[in-house]
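Only one structure is covered here, and it is reproduced in the block below.
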Amino acid sequence: MAFPVAIPGVYDYEIPDKFIDRITPGQPVLVEVKRSRIWGVAVEIKAESAVAGKIKLKEIIDIKEGHWADSNRSLLKLYEWIARYYQCPVGRVFRPVAGKAVINKKAKTVTVYRCIDTDGARPVLKDNQRAALEKIRGCPEPLSAALLGTRFGIAASILASLCKKGYLSKEMKTVFRDADELSYSSADDGKVTLSPGQLDCVERVAASLSAPDKPFLLYGVTGSGKTHVYTELAKRVLSAGRGVIILVPEISLTPQTISRFRAAIGDAVTVIHSRMSDGERRDSLQEIVAGRRRAVVGVRSALLCPMDDVGLIVVDEEHDGSYKQSDTDPRYNARDAAAMRGRLQGAAVVLGSATPSLESYYNALTGKYNLLTLNDRFGTARLPAVKIVDMTVEHKEKNWTALSRYLASRLDEELSLRRQAILLLNRRGFSTSLLCKECGYSHTCPNCSVNLRYHKADTVLKCHLCGHEEAALASCPKCGGLKIKYKGTGIQKAEEMIKERFPSARILRMDQDTTRRKGSHAAILDTFANGGADILLGTQMVAKGLNFPNVTLVGVLHADTGLHFPDFRASERTFQLLTQVAGRAGRAELTGEVVIQTYCPGAPAVRFAAEHDYLSFYEHEIKHRKELSYPPFGKMARVIAEGPDEAAAAGFLKKAAKMVININGADTGMIKILGPTVAVLARVDNVYRYSMILKSNSPVPLGDALLEIRKLAAAELPTGCKCVVDVDPQNML
Ligand code: ADP
Ligand code: ZN
């Protein structure tokens with residue numbers, strides 16, 4: 001009686017006699033759904049099905065035994081909690097571990113060659129064959145033709161004749177598809193002595209390991225050495241034989257972080273990230289499931305991995321929005337789900353950040369979390385001095401470029417001293433909008449309600465939402481005028497300008513467009529770490545987690561990029577980004593300086609980031625949240641209706657809102673409704689979007705209302721329309 005992945009609901013299946021004693025909850029099972037075969041996960045074994053008399057149940061076709069079943073079983077409760085809390089069918093939650101790519105993939109095998117030793121007479125060998133045989137005999141384990149070729153230059157034809165003459169035998173060997181990031185090298189050798197502050201954090205968490213009660217929030221300024229706290233804890237937990245899960249925000253962070261954990265913990269570590277092939281993912285999960293590797297470092301989906309007896313879960317940079325899955329069900333936040341997994345599996349949970357989310361810090365202050373603090377950078381490293389440059393003044397004094405005179409002169413100095421700089425501009429593409437100077441026409445995406453971005457290298461206009469591409473404009477489509485202005489500075493324009501201004505500097509650009517290929521992140525970071533470039537220019541990708549001792553100058557070209565977003569977290573996000581990027585400067589003996597260019601020097605997010613003053617920012621921001629009852633005060637969910645028919649989408653949401661009011665009684669009820677209104681991204685790829693926000697002081701009525709909305713959607717959603725329920729939303733667009 002199982003339930004298939006990716007289909008809503010739970011269904012009953014007949015257990016054939018041959019499986020009857022072998023099937024357990026959590027076990028992957030193969031069943032037939034609508035005439036196709038699909039792997040699902042058994043969630044409950046019933047003696048008798050309630051529907052058995054009424055319809056003929058189909059039989060389970062196959063099952064996967066062993067570790068998969070054991071490990072999944074311990075996770076069923078977590079998966080069910082996620083499904084309930086985030087309002088999605090429980091099958092969706094299994095996708096990372098039971099998706100068909102993972103289940104169907106086979107182990108990878110290669111042919112390896114082994115020497116046959118006998119005393120019997122064998123054909124004579126030529127010199128080159130004998131030499132090759134000696135090499136092969138010297139290997140501690142049998143190698144593949146490819147490895148023998150690259151290592152010893154042994155040709156395939158020689159291997160073939162050695163086999164034929166009876167000197168070598170072939171056998172199949174299973175290999176582990178290692179994600180390439182694991183090979184990234186790091187300067188850290190893993191042997192460190194913890195500072196008293198670090199040790200104190202470790203001891204406090206360690207003391208709770210046998211019976212963890214609530215999560216720890218580790219608030220430690222950038223460079224305070226949080227990573228060493230994590231690795232020390234991980235070592236202790238591993239040596240006690242328990243498992244460790246370490247979450248990192250996103251792909252750009254993984255190479256350096258993984259190599260640091262590798263250096264410290266060793267081969268117990270495997271990885272899970274979004275750019276792995278299905279084969280690599282399968283192998284990684286298999287290593288975890290089988291208990292061969294007891295530590296995983298990965299992005300959010302690693303939280304769902306089938307690992308037994310987890311003793312420690314670390315969520316590094318816990319404030320990061322990428323822990324929340326916003327684009328598809330389950331729309332879970334891995335940080336919050338980590339707290340739940342910790343509770344269910346008896347694991348200590350450590351959330352770490354230099355800029356904790358307001359929610360987490362509030363939880364720490366109100367006693368829901370334990371607070372650990374690291375106030376100082378490790379060793380002699382000091383937090384860098386920050387200079388704010390008011391760009392309106394630059395413009396008044398006729399500097400119209402995106403580079404202030406101060407930052408330009410500082411770059412000159414640092415480059416002449418052969419030091420490195422990081423520049424941040426959080427805008428992809430070349431320009432942000434396209435304007436005809438003659439008639440004022442502004443060119444937008446034909447499918448979406450946004451501007452197209454010019455990508456100069458391929459001379460195309462791209463839509464960053466739907467992927468629409470068109471040739472760059474030679475003339476205005478409206479008036480035929482030739483004066484097309486590319487307004488706003490994107491990172492490509494900035495790169496061009498910096499190359500012109502500093503012709504001898506070697507510049508690396510890191511953004512979504514330069515990191516499409518697998519391994520390109522690691523390659524860029526590697527080059528920069530090895531001194532292969534002077535300036536690393538990037539989007540928010542460069543802000544987080546990176547550790548380059550030779551970087552003494554960090555410049556933020558346009559600090560206000562996200563400040564005016566229609567999102568209640570706009571200010572918090574800007575503060576976090578600025579603080580994180582400022583933390584990249586002067587992390588070793590060299591002192592650092594940070595230059596923040598802004599049009600809003602007085603904005604709290606800018607001012608407090610410049611003063612490295614998290615607490616004041618928190619005090620300032622939490623007041624606003626309270627006034628408007630935004631999180632952490634009360635619960636919030638977002639409901640989006642979208643479809644090609646604008647009126648239908650809008651109509652459905654209105655009806656849903658009315659229903660909620662009927663249940664609750666207008667604004668006096670337990671639930672406050674904002675909207676429904678047209679979403680900020682009103683149209684994406686010809687889909688119209690409407691949204692409303694539900695707020696409540698208590699999660700229970702909110703969950704009930706959302707359940708009703710989902711039922712309404714199941715019954716009455718107009719065809720072509722989609723209704724998305726997003727609990728604790730991070731994306732407000
Ligand atoms: P955070 O993650 O808090 O920003 P890191 O863990 O990256 O800080 O540490 C910052 C720098 O200080 C790194 O280069 C790290 O190797 C060094 N460091 C931190 N703690 C120690 C220690 N106990 N011994 C030696 N080096 C340390
Ligand atoms: Zn578009």
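The values are calculated or read from the model by the stated rules, or taken from the named source; none is laboratory data. Not measured: the values here are computed from a predicted model. Neighbour counts are summed over all protein chains in view; Cβ atoms, including those assigned to glycine, are modelled from backbone coordinates with ideal geometry. Side chains included, ligands, DNA and RNA excluded: accessible areas come from the protein's heavy atoms. Shrake-Rupley method; radii C 1.70, N 1.55, O 1.52, S 1.80 Å.
Listed values, structure above:
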item: FRET E, pair Ala385, Lys108, Förster distance 41 Å, beta-carbon r, rounded to 0.05; result: 0.20
item: Residues in the stretch 330-364 reached by a label modelled at Asp213 [backbone nitrogen below 16 Å; 7 Å Cα→Cβ]; result: 343, 346-349, 364
item: Cα-based convex hull volume of the chain per residue, rounded to whole Å³; result: 223 Å³
item: Protection proxy ranking, peptides 490-503, 610-623, 281-294, 329-342, average beta carbon neighbours within 10 Å, highest first; result: 329-342, 281-294, 490-503, 610-623
item: Farthest toward positive dipole pole in the chain [+1 Lys/Arg, -1 Asp/Glu at C-beta], among Ala408, Leu162, Leu194; result: Leu162
item: In order through the stretch 413-430: 3J(HN,Hα) via Karplus (6.51 cos²θ - 1.76 cosθ + 1.60), integer Hz, x for Gly, Pro; result: 4, 5, 5, 5, 8, 6, 9, 10, 10, 10, 10, 10, 9, 8, 8, 6, x, 9
item: Rounded FRET efficiency, nearest 0.05, which uses the C-beta distance separating Arg84 from Ala47 and R0 of 30 Å; result: 0.75
item: Partnerless Cys - the chain, beta-carbon criterion under 4.7 Å; result: Cys88, Cys115, Cys139, Cys163, Cys201, Cys305, Cys466, Cys600, Cys721, Cys723
item: For the chain, share of DSSP beta bridges that run antiparallel, in % to the nearest 5; result: 50 percent
item: Full-extension gain in nm, Asp21 to Glu611, via 0.36 nm per residue minus C-alpha separation; result: 206.0 nm
item: Proximal lysines to Lys235, defined as alpha-carbon separation beneath 19 angstrom and excluding residues fewer than eight positions away on the same chain; result: Lys191, Lys226
item: Debye, to nearest 20: dipole size of the stretch 192-291, +1 on Lys, Arg Cβ, -1 on Asp, Glu Cβ; result: 100 debye
item: Derived scalar couplings ³J(HN,Hα) [the stretch 26-34; Karplus, 6.51 cos²θ - 1.76 cosθ + 1.60; whole Hz; x for Gly, Pro]; result: x, 7, x, 10, 9, 9, 9, 10, 6
item: Among 241-247, 145-151, the order from most to least packed when residues are scored by Cβ within 10 Å on average; result: 241-247, 145-151
item: Cβ-placed point charges (K, R +1; D, E -1), dipole of the chain about Cα centre in debye, nearest 20; result: 1300 debye
item: Residues of type lysines that Lys165 reaches as a straight line, Cα spacing below 18 Å, ignoring anything fewer than 8 places off in the same chain; result: Lys126, Lys135
item: Exceeding the 22 Å Cα-Cα cut-off - candidates Lys456/Lys487; Lys77/Lys658; Lys396/Lys487; Lys56/Lys711; result: Lys77/Lys658; Lys56/Lys711
item: Positive-end residue, the chain charge dipole about Cα centroid, Cβ charges, pick of Ala457, Thr579, Val393; result: Ala457
item: Burial ranking of peptide ranges 724-730, 349-355, 361-367, 17-23 (average Cβ count within 10 Å, highest at the top); result: 349-355, 724-730, 361-367, 17-23
item: Positive-end residue, the chain charge dipole about Cα centroid, Cβ charges, pick of Tyr113, Pro604, Leu30; result: Tyr113
item: Sulfur and carbon atoms: percent of accessible area, the stretch 635-727 [1.4 Å]; result: 57 percent
item: Dipole magnitude (debye, nearest 20) for the stretch 108-175, charges at Cβ of Lys, Arg, Asp, Glu; result: 180 debye
item: Cα-based reach from Lys462 at 13 Å (exclusive), listing aspartates and glutamates while leaving out same-chain residues under 8 positions away; result: Glu470, Asp513, Asp685
item: Point-to-point label distance, Ser157-Asp327, nm (Cα→Cβ direction, 7 Å offset); result: 5.0 nm
item: Within the chain, helix-based [θ] at 222 nm, where runs of 4 or more DSSP H residues each add -39,500 (n - 2.57), nearest 500; result: -10000 deg cm²/dmol
